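Enquirer: Take this structure first; my questions come after.
The values are calculated or read from the model by the stated rules, or taken from the named source; none is laboratory data. If you're wondering where the values come from, they're calculated on a predicted model, not measured in any experiment. Ideal geometry is used to build each Cβ from the backbone, glycine not excepted, and the neighbour counts take in all protein chains shown.
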Amino acid sequence: MALALGLGAAELMAGIMGRPDASPLSAVGDWFIEITPGWLADLAISWFGTADKLVLGIGIAIVLAVTACAVGILAARDRRAGLAAATALLVIAGLVVWSRPESDGAYLLPIVAAGVVALPTLRWLALRTAAAQTPDTAGTWESGHEPAHMTPAGATARRTFLRSAGGVAALAVAAGGVGRWLARERSGVEDSRDELTVDLDLPAADLPDGADLDVSGAEPWRTPNDDFYLIDTAFSKPHVHPDDWTLRIHGMVEQEVELTFDELIDMGLVDAWVTLACVSNQVGGNLIGNALWTGVPVADVLALAGPSPDADAVKSTSHDGWTCGTPLDVLTDGRDALFAVGMNSEPLPVDHGFPVRMVVPGLYGYVSATKWVVELEVTRFDQFQAYWTTRGWSERGPIKVSSRIEVPASDTTVSAGTVAVAGTAWAQHRGVEAVEVRVDDGDWMPADLGDVPSDDTWRQWVYEWEATSGEHTLDVRATTADGEIQTPDEAPPAPDGASGHHRVTVTVE
Ligand SMILES: Nc1nc2c(c(=O)[nH]1)N[C@H]1C(S)=C(S)[C@@H](COP(=O)(O)O)O[C@H]1N2
Ligand SMILES: [Mo]
């Protein structure tokens, strides 16, 4: 309870400071993600996908609760030892907070608040526990057979303890809740987004003609921002203000450049529909989404700095220290590689990289799509490793041609007759030329395709299947505009993306 109240006080302090990232809980979460071995991170993403942070939060809460109980039991037996253990925990938390890349002196304030509140509370509760456990010396202690806590005075003390503990818990929850809310409000990042909504005057993300085939149950061609998958290593998302944001371009360049947000925007905005995909996406998975991005071409920004002809890579770094490596030629070959500020005609949502992120058609997100981007280093692949490459993922990450069946869903029952089998196929920056479906490993049958505004998006497809009763297996494959047929060979996501056909089994009645 004392620890909970301490954490509540810390959240409150972080809230008053308007610095959600200074919450020790968030810092510990971010630190844990950083030290998580690659295989465990991969497992977490494949099991929990976008819910990975929630699961981590619950895990941290359980570990903290168990540790706190141990300290509490210790404190009840030996107050000094308990207080020493609690102090040690706070010091460890302080070190973790201090070691975060965004940390400055102010980061320690919430931890100090936690200590100032938690230690006296622990002492106070420990005294109450002791009272509850001490046999009443005033004489109600009868024949010596009664356990201490059954004496009337002991029972009263016990009730007093439980009431105190309950009060502390309620206070902890209230402080934590208010702190979280305050942090969002006071960080002001949503206000900045609202202002940008007016200033940027982003174009409407009107659906291109014929892109959405409107098959019931299929994914919409344009993914709404709220439904867009979320993958990153940030337990608490960075709150970065456009006014404080700068982008530094350095390394193997003629001249270092540093741009403010306004300077970036003044370079001129372009719009591009691009389908973003995560390398962790399983065959048939949903770590993929399509949006209209508005931003400044990366090539224009690089040109200001003048990359050296010897360079072959750009290492980008986010505000929270995440890194990725992108081939320089991909960023400069004329495709719509952008520093995006808009997503589906809104300023980038905070979770998707506000105020500026990278979007590069044709590459998985882990080698291209840096959110909250603040730094570019023009370099060589043989000079550095990025976040996921140090964890065993491939240095280069071109997206593999893929397709999936969205309706009918696997293990469902449909009625015999004409059934719309539909889904999406993608091969960003190469384009999807054909999609074929087959039933029970029979002949490949061509599907009808939706229209697309460019080769950089996914493409919807539909196949009218004359379904006969019984159990059937459907699978799908795509062919790129340059003639590559999607392989049936199955590969897991690591190290460079999953492959194989998406298969669904349906019962026809
Ligand atoms: N700063 C930062 N940017 C990041 C990541 C990250 O962990 N941190 N993850 C990348 C990965 S692996 C993917 S797939 C995309 C996901 O972008 P989204 O969350 O907007 O869908 O962001 C990329 N950009
Ligand atoms: Mo990813």
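Enquirer: Among the residues of region 395-423 satisfying the criterion of being among the hydrophobic types (A, V, I, L, M, F, W, C) and not in a strand (DSSP E or B), which is surrounded by the most Cβ atoms within 10 Å (Cβ to Cβ)?
Expert: Step one: of region 395-423, the residues among the hydrophobic types (A, V, I, L, M, F, W, C) are 399, 401, 405, 407, 409, 414, 416, 419-422.
Among the residues that remain, those that are also not in a strand (DSSP E or B) are: 399, 401, 409, 416.
Values: Ile399: 26, Val401: 22, Ala409: 11, Ala416: 12.
Going through the qualifying residues, I end up with Ile399.
Enquirer: Among the candidates Ser402, Ser415, which residue alone is within 16 Å of ligand 1 (Cβ to nearest atom) and under 19 Å from Val215 (Cβ atoms)?
Expert: Numbers: Ser415 fails: within 16 Å of ligand 1 (Cβ to nearest atom).
Result of the check over Ser402, Ser415: Ser402.
Enquirer: List pairs: first in region 172-188 and more than 17 Å from Ser236 (Cα to Cα), second buried (at least 20 other Cβ atoms within 10 Å of the Cβ) and of a type in the set (D, E, K, R), Cβ under 8 Å, 6+ apart or cross-chain?
Expert: Sorted first by the residue in region 172-188, then by its partner, the pairs are Ala175/Glu11.
Enquirer: Does Asp300 satisfy the criteria of being among the charged types (D, E, K, R) and within 12 Å of ligand 1 (Cβ to nearest atom)?
Expert: For Asp300, the condition - among the charged types (D, E, K, R) and within 12 Å of ligand 1 (Cβ to nearest atom) - is not met.
Enquirer: Could you list all residues from region 460-509 that are small (Gly, Ala, Ser), under 29 Å from Asp209 (Cα atoms) and either at pLDDT below 95 or more than 31 Å from the chain's Cα centre (by Cα) (or both)?
Expert: Across region 460-509, the qualifying residues are Ala481, Gly483.
Enquirer: Let me ask something additional. Being surrounded by fewer than 16 Cβ atoms within 10 Å (Cβ to Cβ) and farther than 30 Å from Gly497 by Cα: is that true of Arg19 here?
Expert: No: the conditions fail for Arg19.
Enquirer: Are there any pairs with C-beta distances below 6 angstrom linking a residue in region 229-240 that is closer than 15 Å to Gly18 by Cβ to a residue that is within 16 Å of ligand 2 (Cβ to nearest atom) and of a type outside the set (Asp, Glu), with the two at least 6 apart or on different chains, and if so which?
Expert: Final answer for the pair search is Pro238/Trp372; Val240/Trp372.
Enquirer: Please work out which one of (1) part of a loop (DSSP other than H, G, I, E, B); (2) more than 16 Å from ligand 2 (Cβ to nearest atom); (3) small (Gly, Ala, Ser) is the condition Gly177 fails and give its number.
Expert: The number of the failed condition is (1).
Enquirer: Anything in region 373-394 that is in a loop (DSSP other than H, G, I, E, B), in contact with a Pro (Cβ under 8 Å, 6 or more places away or on another chain) and either away from ligand 2 (no atom under 15 Å from the Cβ) or not aromatic (Phe, Trp, Tyr) (or both)? List them, or say none.
Expert: Arg391, Gly392, Ser394
Enquirer: Counting just the residues of region 345-377 that are buried (at least 24 other Cβ atoms within 10 Å of the Cβ) and among the polar types (S, T, N, Q), which one comes out nearest to ligand 1 (Cβ to nearest atom)?
Expert: By that ranking, first place goes to Thr370.
Enquirer: Can I ask one more? Would you mind finding the one in Gly483, Gly497, Gly470, Gly442 that is surrounded by 14 or more Cβ atoms within 10 Å (Cβ to Cβ) and more than 21 Å from Ala218 (Cβ to Cβ)? Lay out the reasoning, then the answer.
Expert: Working: Gly483 fails: surrounded by 14 or more Cβ atoms within 10 Å (Cβ to Cβ); Gly470 fails: surrounded by 14 or more Cβ atoms within 10 Å (Cβ to Cβ); Gly442 fails: surrounded by 14 or more Cβ atoms within 10 Å (Cβ to Cβ).
So the residue among Gly483, Gly497, Gly470, Gly442 that is surrounded by 14 or more Cβ atoms within 10 Å (Cβ to Cβ) and more than 21 Å from Ala218 (Cβ to Cβ) is Gly497.
Enquirer: Among the residues of region 303-344, write down those that are over 26 Å from Leu200 (Cβ atoms), away from ligand 2 (no atom under 16 Å from the Cβ) and crowded, with 24+ Cβ neighbours inside 10 Å.
Expert: Ala313
Enquirer: Take the residues in region 353-368 that are part of a loop (DSSP other than H, G, I, E, B) and near ligand 2 (Cβ under 10 Å from one of its atoms); name whichever of them is farthest from Thr197 (Cα to Cα).
Expert: Tyr364
Enquirer: Six or more apart or on different chains, Cβ under 7 Å: which pairs go from a residue in region 363-379 that's β-branched (Val, Ile, Thr) and at pLDDT 95 or above to one that's within 11 Å of ligand 2 (Cβ to nearest atom) and assigned to a strand (DSSP E or B)? Could you list them?
Expert: Val367/Cys324; Thr370/Cys324
Condition check ((1) within 16 Å of ligand 1 (Cβ to nearest atom); (2) surrounded by 20 or more Cβ atoms within 10 Å (Cβ to Cβ); (3) in contact (Cβ under 8 Å) with a residue 60 or more places away in the chain) across all residues:
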{"position": "Asp227", "(1), (2), (3)": "yes, no, yes"}
{"position": "Leu247", "(1), (2), (3)": "yes, yes, yes"}
{"position": "Leu259", "(1), (2), (3)": "no, yes, no"}
{"position": "Ala272", "(1), (2), (3)": "yes, yes, yes"}
{"position": "Ala277", "(1), (2), (3)": "yes, yes, yes"}
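Enquirer: Could you check Ala299 against (1) touching a residue at least 40 places away in the same chain (Cβ under 8 Å); (2) in contact with a helix residue (DSSP H, G or I) (Cβ under 7 Å, 6 or more places away or on another chain) and say which number it fails?
Expert: (1)
Enquirer: Given the conditions (1) within 19 Å of the chain's Cα centre (by Cα); (2) at positive phi, report the number of the one that Ser345 does not fulfil.
Expert: Condition not satisfied by Ser345: (1).
Enquirer: Where in region 185-302 are there strands (runs of 3 or more DSSP E), lying wholly inside it, with at least 1 residues that are among the polar types (S, T, N, Q), in contact with a Lys or Arg (Cβ under 7 Å, 6 or more places away or on another chain) and within 16 Å of ligand 2 (Cβ to nearest atom)?
Expert: By residue number, 288-297.
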